[in-house]
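Undergrad: My questions will all concern the structure given below.
The values are calculated or read from the model by the stated rules, or taken from the named source; none is laboratory data. Predicted model only: the values in this text are computed from it and were never measured. Don't worry about glycine lacking a Cβ; one is built from the backbone with ideal geometry, like all the others, and counts go over all protein chains shown.
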């Protein structure tokens, strides 16, 4: 079983990337495809030193500018198809495999995936930094991976009071006990995704028009739509070395990623893509979605005025207009 890992890195993240690569080498990975998505010169130089040191293991493909995760992983997957490896394991540049993570995937595959299903099946590792992954495997509820049906921009009225309670009086979140060995999912993130490369004959490559955010869920959602399966394997653990921007340790009462994200591009693509994806795949009651939309717009507008973030509200409204119109294209206004 020869396995190629595909990683995309960007900006100045060599300190994270090097930890992931060192862990992969300890896991005895056969090949590493690293897409350097417009890293700064400092990281680029260090990546080249690492590539030269492990020339037989590491292939580096450089993009001059950050073209987003969708383009980065598309390029990486295309390169992986031309290696002599049969299997692909996708990781973000901050997804550090815990010792034995790869062997757990290999053992699960050998024991549970029949040869007739191998071309349409994928596995994924358990992400320690993603509460939805931990909750899903603990509660044996795959629906927790994706946003709630009929949500709008992640908001759903049935979760309103719980969200308010968390901000007013946050409770200590103990790590949930993982009991289920595996859970069948409808979609998952790039990080930790493992599959036979023939799967790519049955589904589309990542859609580069998403640029970043939700492109991973759109990519993997195709697997069950085409008769395949995705299994979350709890014994294969991946440690997130850096928390996502929308998962702060403590959310202040007026916190929202619309206003607290670092760039307008982050806000535009994350909300445009999330709204579009939910409208396309997670909508079965237009009335409930409309109510969620009206409440979300009311609350986010009040928060924006109170925080003096009117320019971010304009970015959000543009993202909503484009999502509702189905305009999922690269927007030149929002460079990464």
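Undergrad: With the requirement that a residue be crowded, with 19+ Cβ neighbours inside 10 Å and more than 21 Å from residue 22 (Cα to Cα), what does segment 78-124 give you?
TA: Within segment 78-124, 108, 109, 120, 121, 122, 123 meet the criteria.
Undergrad: Another question about this same structure. Name the helices (runs of 4 or more DSSP H) wholly within segment 191-299 that hold at least 3 residues that are farther than 30 Å from residue 113 by Cα? Reasoning before the result, please.
TA: Working: elements: 215-225, 257-260, 264-281.
Of the helices (runs of 4 or more DSSP H) lying wholly inside segment 191-299, those with at least 3 residues that are farther than 30 Å from residue 113 by Cα span 257-260, 264-281.
Undergrad: Follow-up. Quick one: is residue 224 outside the structural domain of residue 271 (by TED's automatic domain parsing), under 22 Å from residue 4 (Cβ atoms), surrounded by 15 or more Cβ atoms within 10 Å (Cβ to Cβ) and modelled with pLDDT of 95 or more? Full working, then the answer.
TA: Numbers: outside the structural domain of residue 271 (by TED's automatic domain parsing): yes; under 22 Å from residue 4 (Cβ atoms): no; surrounded by 15 or more Cβ atoms within 10 Å (Cβ to Cβ): yes; modelled with pLDDT of 95 or more: yes.
The answer is no for residue 224.
Undergrad: Which one of the conditions (1) more than 19 Å from the chain's Cα centre (by Cα); (2) part of a loop (DSSP other than H, G, I, E, B) does residue 146 fail to meet, given that it meets all the rest?
TA: Among (1) more than 19 Å from the chain's Cα centre (by Cα); (2) part of a loop (DSSP other than H, G, I, E, B), the lone unmet condition for residue 146 is (1).
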